[in-house]
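The values are calculated or read from the model by the stated rules, or taken from the named source; none is laboratory data. Keep in mind that this is a model prediction, so the values were computed, not measured. Using ideal geometry, Cβ is built from the backbone for each residue, glycine included, and neighbour counts are taken over all protein chains shown. We work out accessible area using only protein heavy atoms, side chains counted, and drop any ligands, DNA or RNA first. Shrake-Rupley method; radii C 1.70, N 1.55, O 1.52, S 1.80 Å.
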Amino acid sequence: MGFALVSLPLIVALVVTVYQVDHLSQRSLKAVFDSANSVQNSRRLVELATAMERSASQYQVLGDPTLYHLYLDKHNEFERVSNAISKVGINPALQSRLDELNKHEKDLYGRIVQTRDNLEEIKPILQEFPELSSLARPLLIDISKRIADAANAMHDQADRIKHQLLLMFTALIPLALILAGIFTVLITRPLRQINEAIRRMGSDGFTDSIEVDGPMDIRELGEHLEWLRRHLADLENQKVNFLRQISHDLKTPLTAIREGSELLSERVLGNLNTKQIEVAQILKDNSVRLQDLIENLLHFNVAQSPASQINIKATSIEATIRKVIQDHELALRSANLELQLSLRPAQVISDPDQLRMIFDNLLSNAIKYSPQNGRITIGMTEADNNALIDIVDEGPGIDPMEQKHIFSAYFQGTASHSGRVKGTGLGLAIAKEFVSLINGRIEILQGTQKGAHFRVILPADANDNA
């Protein structure tokens, strides 16, 4: 009788616990899948908005029907992804945002279809595509916030389950209290692990492995979560590998286009009339812009990827800067720019390619905004075991109102520049991402001198004996 009286509450508590844990497990698993799909689909919407704008712009310039059909394919995929997000069951506010995005996209699509035969009428429509991207990006942020809120809600529910169990167990005899403690440990620990794993996946990415201890069903759920994490990490790696492969595949034809247009512009193949020279220059400028756009997008994507640090080693800052200067020798000569150097030996633990990209983007920015016959100063000092690299130009400088946005992706300031090819707004964003990867920082210094003054602060290698 006594054993039955002690066991009965435990059995009831166990039944209730199993039911609640199973219910929470199912909700957690569904939340993880829905969250992953929602984030992936919302990111895809942003990518498709950009892709549709690019395809429509190329069709408007070239008039190639293939580009028009490519735009239609992106439009169809945009509708499919949008419908997939709606089916997950988002709140009214998010649905309203999504409806507004769909309405704007359908309006642009209908107008382009109506004017497909008149390329000049498509041109003003293209100016409204950036608004489509601006509507898609907040949707990604809102969905990410919704995922975080859902994770917090599941965490609160787990806490409520724990509280209920403790109330039941504290009413039992000392033996029941001992058993209650065992059950509390067995149940609450894996629940916390599950909630922590879900929170990490929703906010920090897919780098940390998931290990859940406890009963078999909880361990099984942990195994499912780990399988999902590996699958999503593989997808991320596939995306990075795909971008690298695309970069390699595009290099050869793009190089041929550039070299051919340069030969035409330089009249190596014979004299050209004024119109032909103008067309050759357009080909040359746009091939350069296309190459810069592809490379910047690839570098920016790699910079944000957890797997971006692929070749970490001690790298000479001075040698890297000199190599970057050598790569820009023609651009410096073309603008007749004077380069003043004050470098000293120093090393940093970094990926050499990433370190090169930092100074390549900063020097490219300085060259682009420097006037003819101007001067660019690059100096390096050391302070508090840090290497301080200053890059100063004599251009128009940076508007104080724009300084807080200057490192944002796709942001382009209002200052005029001497380059004929318009930038992508990714150079400084890439530089900031790569500097952050090696625990450094990049600053804009205000001074009395004319032009822009960037300072890169990198942790110097303590084993550097140079």
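Numbers at a glance
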read-out: Heavy-atom SASA rank of SER134, SER350, SER334 (probe 1.4 Å, accessible area, largest first); value: SER334, SER134, SER350
read-out: Heavy-atom surface of segment 44-90, accessible at 1.4 Å and reported per residue (Å²); value: 47
read-out: Ellipsoid equivalent to segment 309-375 - semi-axes via the Cα gyration tensor, in Å; value: 25, 12, 8
read-out: Heavy-atom SASA rank of GLU196, GLU53 (probe 1.4 Å, accessible area, largest first); value: GLU196, GLU53
read-out: Residue-level accessible surface for THR274, protein heavy atoms, 1.4 Å, Å²; value: 110
read-out: Cross-link reach list, aspartates and glutamates versus LYS323, counting only Cα pairs under 14 Å and skipping chain neighbours closer than eight places; value: ASP353, ASP360
read-out: Net length gained if the chain between GLU121 and VAL279 were fully extended (0.36 nm per residue, minus Cα distance); value: 54.7 nm
read-out: Projected label distance in nm at THR381 and GLU131, using a 7 Å step from Cα toward the beta-carbon; value: 5.0
read-out: Rounded to the nearest 10 Å², the accessible area of VAL268 at probe 1.4 Å; value: 90
